[in-house]
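J.: Take a look at the following structure, please.
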Amino acid sequence: MKKEIIALYPGSFDPLTNGHLDIITRASRLFPTLIVAITKNLNKNHLFSLEDRIDMLKESVSDMHNVKVVSFSGLLANYFDEMKANVLIRGLRAVSDFEYEFQMALMNRNLNANFETVFLMPDQDYTFLSSSMIKEIAMLGGDTKDFVPACVEKKLKQIKKQNQ
Ligand code: PNS
């Protein structure tokens, strides 16, 4: 039995949504230490720079004292050991997320036998939320205030203005 469990929640967070924040809140209540680790998803084109994503995350979790925000590059399977993590957190919104998440969890366990993935479900109010949808809505002038933290909404508006 492990005494001090370190949970790692990786993602691209481009940008952070209220759904991600809900998962962070739940994980921070379950585990003594939660590391939110931002990285590049090689299968996606990111709108926000790594620095912006770090800033928005740090601001949004500033009241959660057991949550640390970091960034990493390279394989998650290696970073998991580097951080001495015991549990990997991923959010599951719907059955449609399952196949990709299941594949990733098992591939990571093949790369690193220590890997344990724990899936958390967000509040049902957030099951329809995705970062890509948020970006599309914001870039087309739609209102995102109900779906993302205020600092993210502000940044989305800035980027929309720059692109005009
Ligand atoms: O928020 P996302 O984009 O769904 O997160 C996916 C992420 C970043 C967790 C995944 O792309 C990842 O682990 N990237 C790091 C590189 C890696 O280890 N790739 C192999 C995954 S099996």
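J.: Which residues, taken from segment 98-117, are more than 9 Å from the ligand (Cβ to nearest atom) and within 17 Å of residue 11 (Cβ to Cβ)?
T.: Across segment 98-117, the qualifying residues are 98, 102, 115, 117.
J.: Quick check: is even one residue across segment 53-60 hydrophobic (A, V, I, L, M, F, W, C), within 11 Å of the ligand (Cβ to nearest atom) and crowded, with 20+ Cβ neighbours inside 10 Å?
T.: No, every residue in segment 53-60 fails to be hydrophobic (A, V, I, L, M, F, W, C), within 11 Å of the ligand (Cβ to nearest atom) and crowded, with 20+ Cβ neighbours inside 10 Å.
J.: Give the residues of segment 20-43 that are within 12 Å of the ligand (Cβ to nearest atom), open to solvent by 10 Å² or more (accessible area, probe 1.4 Å) and touching a residue at least 60 places away in the same chain (Cβ under 8 Å), sorted by residue number.
T.: 20
J.: What number of residues within segment 69-95 are in contact (Cβ under 8 Å) with a residue 24 or more places away in the chain and within 28 Å of residue 128 (Cβ to Cβ)?
T.: So the count comes out to 11.
J.: I've got another one for you. Please determine, by comparing only the residues of segment 73-87 that are under 23 Å from residue 48 (Cα atoms) and buried (at least 18 other Cβ atoms within 10 Å of the Cβ), which one is nearest to the ligand (Cβ to nearest atom). Full working, then the answer.
T.: Within segment 73-87, the first condition is being under 23 Å from residue 48 (Cα atoms), and the residues that meet it are 73-76, 79.
Narrowing further to those that are buried (at least 18 other Cβ atoms within 10 Å of the Cβ): 76, 79.
Details: 76: 4, 79: 8 Å.
Among those residues, the one meeting the criterion is 76.
J.: If you don't mind, another one. Check residue 98 against each of (1) open to solvent by 70 Å² or more (accessible area, probe 1.4 Å); (2) closer than 26 Å to residue 151 by Cβ; (3) among the aromatic types (Phe, Trp, Tyr) and name the one condition it does not meet.
T.: Evaluating residue 98 over (1) open to solvent by 70 Å² or more (accessible area, probe 1.4 Å); (2) closer than 26 Å to residue 151 by Cβ; (3) among the aromatic types (Phe, Trp, Tyr) leaves (2) as the failure.
J.: Which of the residues spanning segment 10-19 are under 16 Å from residue 121 (Cβ atoms), touching a Pro at 6+ places or on another chain (Cβ under 8 Å) and either open to solvent by less than 20 Å² (accessible area, probe 1.4 Å) or among the aromatic types (Phe, Trp, Tyr) (or both)?
T.: In the first step, residues of segment 10-19 are kept if they are under 16 Å from residue 121 (Cβ atoms); the result is 11, 17-19.
Now narrow it down to the ones that are touching a Pro at 6+ places or on another chain (Cβ under 8 Å): 18-19.
Once the filter is applied, which keeps residues that are under 16 Å from residue 121 (Cβ atoms), touching a Pro at 6+ places or on another chain (Cβ under 8 Å) and either open to solvent by less than 20 Å² (accessible area, probe 1.4 Å) or among the aromatic types (Phe, Trp, Tyr) (or both), segment 10-19 yields only 19.
J.: Limited to segment 140-152, what total is found for residues that are touching a residue at least 12 places away in the same chain (Cβ under 8 Å) and in a helix (DSSP H, G or I)?
T.: Selection size over segment 140-152: 2.
J.: Which count do you get for residues in segment 27-71 that are over 22 Å from residue 122 (Cα atoms), among the polar types (S, T, N, Q) and either assigned to a helix (DSSP H, G or I) or touching a strand residue (DSSP E or B) at 6+ places or on another chain (Cβ under 8 Å) (or both)?
T.: 1
J.: May I ask you to list the residues in segment 110-139 that are over 14 Å from the mean Cα position of the chain (by Cα), assigned to a loop (DSSP other than H, G, I, E, B) and of a type in the set (A, V, I, L, M, F, W, C)?
T.: Within segment 110-139, 113, 115, 128 meet the criteria.
The values are calculated or read from the model by the stated rules, or taken from the named source; none is laboratory data. The structure displayed is predicted, hence computed values, not measured ones. Note that each Cβ is placed from the backbone with ideal geometry, even for glycine, and that neighbours are counted across all protein chains shown. Note: accessible area is taken over every heavy atom of the protein model, side chains too, but ligands, DNA and RNA are not part of it. Shrake-Rupley method; radii C 1.70, N 1.55, O 1.52, S 1.80 Å.
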